[in-house]
Every structure is written in C-alpha cells, then in structure tokens.
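Everything below concerns the one structure shown next.
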Amino acid sequence: MKERVGLSQRAYAAHRGVSLRAVQRALEDGRITALPDGSIDAEKADADWESNTDATKRPKSASGRLTEVRTAKEYTTTRLLDLKLKQATAELVPLNEVKILFRATSSNIFNAFMNLGNAVAPRLVGQRDITRITNTINEEVRRMIKEYANDAEQEITSRFQSVLGIGDNTQ
C-alpha cells in the first residue's frame, strides 16, 4: 500500500476547522483539488479554498449570527437612547404636537390677514395717492408679520417646553 503524500479529508477538515462535509463540498465544487492518491496538499488547498470561495455564500456560524444580533441590538438601543436624548433636550418633538401647533399657527395667520382691512382702512380714508396707500398696507403687513413671528416663537417654545416637561433653557 502506498503512503499518502497529503492529508486525508478528515485531517484536512480538522486542519481548516471545518466539517468533513465542507471539505467534500469544496472538492465536489472544484474549489480545491485532491492529489492523485486522493489526499489533500494542505498548503495548496488552503490557497485554493480562499481564492475560490465566495465569502458571501459561506454559511455563518452560530457565533457569527449571535454577533450580528448583538450588534443590531446595540445599534437599536443606541438609536433609541439618542432619540430620547433629543426629545429631552427639545431637539426632537412628537409629530402630533407639531401638527397641533401648525394648525393653531395657520389659524392665527389666517385671522390676522382677514383683519388687515379693519386695521388699515381707517388710516386710508380720504387717501388718493396710490403710493401712500401701498406703503400704508405694506407697513401694516410688515408689522403683523414681525409681531406674529415673535408671538409664534414664544408659543412654540412655551408649548414644547410644557409638552417635554423642561424649563426655559433658551437664553
């Protein structure tokens, strides 16, 4: 009986740290080749195994899957903590609160502009100069916008501080 030149399939599997079936599949798929006597040259087979094996198709070990699950859990936990921190520091506001404030803001703007005529008309009685009429209306619109912007900022700050349960730290 001839002596084997290389390792048996079982010995090569132990050498690679894989199952005997993994070595048999690699031989069947042509990713590694056996010597004429059926043994395996470990050095050549290791190089062939690495160059001929698609890493994305390798089955993951249980520890690899566990690492993926732990990584995903850590990412999710970190993301949730980040969102809670942003909410606590008023960098993140619940969507329903934004919608409520938007509706109130839109209503206030609508009402302000609907009353523009009442605010400006008394000052325009008897005016015939179109430039003066235009300037008077523009001045009132600017005043309303400036006043509304200040009121809206205070309302937003007040509402979100009460919703989030924080004091005034916007100095």
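Miscellaneous remarks
- For segment 88-156, the solvent-accessible area works out to 76 Å² per residue, with a probe of 1.4 Å and every protein chain left in place.
- In order through segment 28-37: 3J(HN,Hα) via Karplus (6.51 cos²θ - 1.76 cosθ + 1.60), integer Hz, x for Gly, Pro: 4, 7, x, 6, 10, 10, 8, 6, x, 7
- In order along segment 106-114, the phi-based Karplus estimate (6.51 cos²θ - 1.76 cosθ + 1.60, θ = phi - 60°) of 3J(HN,Hα) comes to 4, 5, 5, 5, 4, 4, 4, 6, 5 Hz; Gly and Pro are listed as x.
- Distant-in-sequence amide contacts of residue 7, defined by a placed amide H-H separation under 5 Å and a gap of 5 or more residues or a different chain, comprise 40, 41, 42.
The values are calculated or read from the model by the stated rules, or taken from the named source; none is laboratory data. Nothing here was measured: the structure is a model prediction, and the numbers come from that model. These accessible areas exclude ligands, DNA and RNA; they are computed on the full protein's heavy atoms, side chains included. Shrake-Rupley method; radii C 1.70, N 1.55, O 1.52, S 1.80 Å.
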